[in-house]
1. 7 Å from Cα along Cα→Cβ at both residue 45 and residue 10: what's the point-to-point distance in nm?
2. With n ≥ 4 as the cut-off for DSSP H runs, can you work out [θ] at 222 nm for the chain, using -39500 (n - 2.57) per run divided by the number of residues, rounded to the nearest 500?
3. Using 1/(1 + (r/R0)^6) with R0 = 41 angstrom and r between the beta carbons of residue 54 and residue 22, what's the FRET efficiency to the nearest 0.05?
4. What Kirkwood hydrodynamic radius, in Å, does the chain give when the mean of 1/r is taken over all pairs of distinct Cα atoms and then inverted?
5. For region 2-80, what relative contact order do you get, as a whole percent, if you take Cα pairs closer than 8 Å and at least 6 residues apart?
6. For residue 76, put the label point 7 Å out on the Cα→Cβ axis and report which residues of region 28-66 keep their amide N under 20 Å from it.
């Protein structure tokens, strides 16, 4: 992703596992990464991080959307063939 961002942009990435299945039961202690369900996600995001400038956010979104499209296309080819 870094190669698709403007020169000098330092993007901090914080790993997190989000379980989206509503029937999952979590009992997590001392995990190395944050683990939660969507309703608890906002509380898990570090509060001391600066907000991303809108332009950077949009560029990140474009990269992630393009990656998702490529993955979906690849999956469709695999299931069709």
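No value in this document is a laboratory result; all are computed from the given coordinates. Values in this document were obtained by computation on a predicted structure and should not be read as measured data. With ideal geometry, Cβ positions are generated from the backbone for all residues, glycine too; neighbour counts draw on all protein chains shown.
1. It is 2.1 nm.
2. Values: 2 runs with 31 residues, N = 81.
One gets -12500 deg cm²/dmol as the mean residue ellipticity at 222 nm.
3. Working: r = 32 Å, r/R0 = 0.78.
According to the calculation, E is roughly 0.80.
4. It works out to 15.8 Å.
5. Values: 30 pairs, mean separation 22.7, N = 79.
Once normalised by length, the contact order is 29 percent.
6. Inside the label zone: 62-66.
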